[in-house]
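These notes are about the structure you will find just below.
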Amino acid sequence: MNSGSAGPSTVRDPELSEDHVPPPTGPSTAPLNPLPSTHFYSVEYPGYVKASSVPLAIERLGGQHSVETAFKRTGSKSGSLIEMNMSPGNPFSHPIPGDIVSTNNILLKVTRRKRKVHATGEPRQHIGEYTVQTMGSIPKTVRFRSMADYQYQPDAEDPVAKLRLAMGSMDVESILAYRIPEEKEDYILVEESLAMDIDIDPELTCLESESSHGPKVKSNLKLPPPPLFSRQAVPHIYNYKANTASVVSTTVDEETGEEKKRLINRMRWKGLGPTAINFSDKGVPDKPSTHIERYRGEADQKLLKRLGELFQERPVWTRTAIFNQFDAHEVREIINSKYLLPLVSYVFTDGPWRDTQLRLGYDPRADPEARFYQRLYFRNTNHTVKRPSVITRRQELRTDALQARTDSLDDKRSHIFDGETLTSDTAAFQLCDLQDPMLKDMVEDDEDLREECDERTGWYSARSFERIKTVLRHKFFLLNDFGEVVTREECEELLERQENGGNPMNKTLRSLRSNKHNMAKGALRPEDAIAKRLKATIDQRTRGAVDR
């Protein structure tokens, strides 16, 4: 390996051929210099290399044999790998990976003449300061472009560290003598720091005066380092830049008078959704936000007036219920405009009126009559929403036109539950839209109400609200899964079992769902549930064929 005082080191093959320089072909062309056929291998060593430090550099690369083997290695991959260890012999030192890549470089020998002094003391005259000579080509080069990994040196007296060194050197006696040390749970060691001879202002060191002479602690977990800390070989190019659209906004706290500065994006997207508040917030919005109010002139005044009239008749609506009051093209306009509903309503993010649209200025937490507008929702695990294929949608286009008139009437009642007709696969209803006689009586019962509105059950007591939920869940899922209409007697028996047996509501519901394997008392066997569902499906298709 030939090396200079600094820079890449090279390894030269033992054979060196000399070629004669051919005469120039003409006065207009530059002279041709021959390229010797000798090949050299170059190592772009990440450090200074002197003639005396070449053995150390080769040792850090794994030794002469490892270097020669890496250069001679051939394969289908574009490059081979060689590692440089800055602490040879230390198994806990993580090496730096280097790649052997193909290059078309030329090795040049640059000679600098030194002026020799005559005996008389005058410097000799010579022609040229530097001489360049072509030595050969460099077909392969080792380059270290990866970042060095984090280094951690464990305690040399640790038994695990000693075992690792013994295994690396194949010290059989030390390996056999190893015993698992007793766990003392001394995970933190306290180090007493010495007091300084001079006093330093604590503000200069950002430390308290008490902590400057206090004890210091360090970890004693005795965890051996992993084989690799970071897999990131190339540093990220973050290019952090300030947002040109951001401006500094200063606000003053009314209570403390403290000024706070924050960056505001002037070009930020402003949503067109309704104003949202939490159940715990005091007061309700009585007008739309400023950026929503700007769209009032662009809104369809006819639809806006109709929405205002509907919210005057009923202060709380679900989106499904309010969309059922309009035609299809009007619903499309309300959805696409995005600002019609925010101009007349706001929403709660939690509480009994979550996911409903409420009239601006109306606070249901202060009106006991708002209990009729509370919303109940149950997950329907038996109904999975799947997007139909293109072929299926094309085949259904023919039947959709024939059923449009009958379906339009059913769609307008999708927010209503009467206990006999299934109008929706989703169990999400407001209490005022429950037209089942038993549920209606339970909702209108005002004997067990709260004096203050509760975040979970609203104006109803926990007992009354759970009874309504139990009956609605029982009726809906039996009607949805098996097409059965539940009688009042069955619901009363269910409520009686719920009150006498603690809380059998969940067990009853699990026994009613056909996709649950529950062999509790009173539950259907899996084969009986499948047969019952199959019979209900056949009856439903038979009724559909008769109607056609």
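The values are calculated or read from the model by the stated rules, or taken from the named source; none is laboratory data. Source: prediction; values computed, not measured. With ideal geometry, Cβ positions are generated from the backbone for all residues, glycine too; neighbour counts draw on all protein chains shown.
In table form, for the structure just shown:
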{"read-out": "The lone exception for Q403 - which of (1) modelled with pLDDT under 90; (2) surrounded by fewer than 16 Cβ atoms within 10 Å (Cβ to Cβ); (3) in a loop (DSSP other than H, G, I, E, B) it fails", "value": "(3)"}
{"read-out": "Filtered residue count, the stretch 231-261, keeping only those that are charged (D, E, K, R) and assigned to a loop (DSSP other than H, G, I, E, B)", "value": "6"}
{"read-out": "Of the criteria (1) of a type outside the set (D, E, K, R); (2) loosely packed, with under 13 Cβ neighbours inside 10 Å; (3) not in a loop (DSSP other than H, G, I, E, B), which one W269 fails", "value": "(3)"}
{"read-out": "Given (1) part of a strand (DSSP E or B); (2) closer than 26 Å to P46 by Cα, number of the condition Y150 does not satisfy", "value": "(1)"}
{"read-out": "Condition check for D363: of a type in the set (D, E), modelled with pLDDT of 95 or more and surrounded by fewer than 20 Cβ atoms within 10 Å (Cβ to Cβ)", "value": "yes"}
{"read-out": "Which listed residue is at pLDDT 60 or above, surrounded by 18 or more Cβ atoms within 10 Å (Cβ to Cβ) and assigned to a loop (DSSP other than H, G, I, E, B), from V471, V486", "value": "V486"}
{"read-out": "For V217: the one exception among (1) of a type outside the set (D, E); (2) part of a loop (DSSP other than H, G, I, E, B); (3) surrounded by 10 or more Cβ atoms within 10 Å (Cβ to Cβ); (4) at pLDDT below 85", "value": "(2)"}
{"read-out": "Complete set of residues in the stretch 286-295 that are among the basic types (K, R) and over 14 Å from S345 (Cβ atoms)", "value": "R294"}
{"read-out": "Enumerated strands (runs of 3 or more DSSP E) restricted to the stretch 407-463, each holding at least 3 residues that are in the same structural domain as R319 (by TED's automatic domain parsing), under 13 Å from F476 (Cα atoms) and touching a strand residue (DSSP E or B) at 6+ places or on another chain (Cβ under 9 Å)", "value": "427-430"}
{"read-out": "Single residue of the stretch 231-248 satisfying the filter (surrounded by fewer than 11 Cβ atoms within 10 Å (Cβ to Cβ) and hydroxyl-bearing (S, T, Y)) that is farthest from P181 (Cα to Cα)", "value": "T244"}
{"read-out": "Residues that are surrounded by fewer than 17 Cβ atoms within 10 Å (Cβ to Cβ) and either outside the structural domain of T426 (by TED's automatic domain parsing) or part of a loop (DSSP other than H, G, I, E, B) (or both), drawn from the stretch 489-505", "value": "G501, G502, N503"}
